[in-house]
Amino acid sequence: MIPKKQKAKPRVAFFDFTSCEGCQLTVIDALQYHPELLDVIDIVEFREASSDSSDVYDIAFIEGSCTRASDEMRLRTIRDTASVVVALGACAHLGGINAIRNKQELDDVRHYVYDGKADWFATYAPRAISKVIEVDLVVPGCPISGAEFVRLVKGLLQGRMLEPIDYPLCIECKLKENVCVYQRGEICLGPITRAGCDAVCPMYGAGCEGCRGMITNPNMDAFYTVLREHGLSQAEVETKLTLFLTNQTMSMSREEAVHVEPTH
């Protein structure tokens, strides 16, 4: 925790692992609209925006999933240095899109991608950084919400650890009076995905893809019932769940695993 009355500006560092680095670009956008933050924090490392680097920092934002054994030592060094570690985005939070390959044999994937040079590249099953080190806070999403990032940073400056919202996206959708995408015959993960993005995908007519991760204790039985009522096939459901939620669904018990009765 950053002390409330700390006189010096907190030193902030951004680190990237396996990701597209789109969440860091969102941070840059957010700072353009909130330049006042630059007056109260000292960014000492941020490869997307500066060539500076530092071994001393108070807050570490980490984007990207851990995909190699060699990543673990770097993550532990960051954890040992920072007072606060924040998982930035779906890859760091959940394993992200990188985790899709966890449903297949690793050697098969490596040879498919690298062919005869598969042995040149060290890799293992992609995982969230919380599987390697302790994480204090999370900014979920793909990409993150700039507004949520600003809210979290302001909270840290005030000595508060602001957790992400933990109720279903459907609540935000109802408040915005969106037409439910299920009524358009599309699948949406809103009933089991945490809110906080202002329902941006359903707002534009697309179903939620679960990039913010599942809520705590999602009601999967009710979710499956909704899917069956709208005639959605098991293949459609699994494809949607696999995009961002592979690791979460794989960690569920066999009884909770995805199963939707085929439609006829």
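Values in this text are rule-based calculations from the coordinates and carry no lab data. Computed from a predicted model, the values in this text were never measured in an experiment. Cβ coordinates were reconstructed from backbone atoms using ideal geometry, including for glycine residues, and neighbour counts include every protein chain displayed.
The figures follow:
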quantity: Expected-Rg normalisation [2.2 N^0.38 Å, Cα atoms] applied to the range 138-264; calculated: 1.11
quantity: In degrees, nearest ten, helix 146-157 long axis to first principal axis of the chain (Cα); calculated: 40 degrees
quantity: C-alpha center-to-center spacing [the range 81-122, the range 130-149] in angstrom; calculated: 17 Å
quantity: Bridge type composition, the range 4-71 - antiparallel percent by DSSP, nearest 5; calculated: 10 percent
quantity: Centroid-to-centroid separation of the range 58-78 and the range 161-236 [C-alpha atoms, Å]; calculated: 30 Å
quantity: Positive-pole candidate from N102, M161, N178, dipole of the range 87-226, charges at beta carbon; calculated: M161
quantity: Mean shadow area of the range 1-121, taken as a quarter of the surface of its Cα convex hull (nm²); calculated: 8.9 nm²
quantity: Reachable aspartates and glutamates from K154, criterion Cα separation under 13 angstrom, eight or more residues apart if same chain; calculated: E36, D39, E163
quantity: Shape of the chain, Cα gyration tensor, a/c cut at 1.5; calculated: oblate
quantity: Cβ crowding within 10 Å averaged over residues, with 124-134, 150-160, 50-60 ranked highest first; calculated: 124-134, 150-160, 50-60
quantity: The chain: relative contact order as a whole-number percent, Cα under 8 Å and 6+ apart; calculated: 18 percent
quantity: Among V40, V138, V27: highest mean-square fluctuation, GNM of the chain, C-alpha pairs under 10 Å; calculated: V40
quantity: Two-site label geometry, E177 and D115: point separation in nm, points 7 Å out along Cα→Cβ; calculated: 5.7 nm
quantity: Burial ranking of peptide ranges 213-223, 174-184 (average Cβ count within 10 Å, highest at the top); calculated: 213-223, 174-184
quantity: Alpha-carbon Debye profile of the range 201-255, log10 I(q)/I(0) at 0.21, 0.23, 0.27, 0.32 Å⁻¹; calculated: -0.95, -1.15, -1.46, -1.43
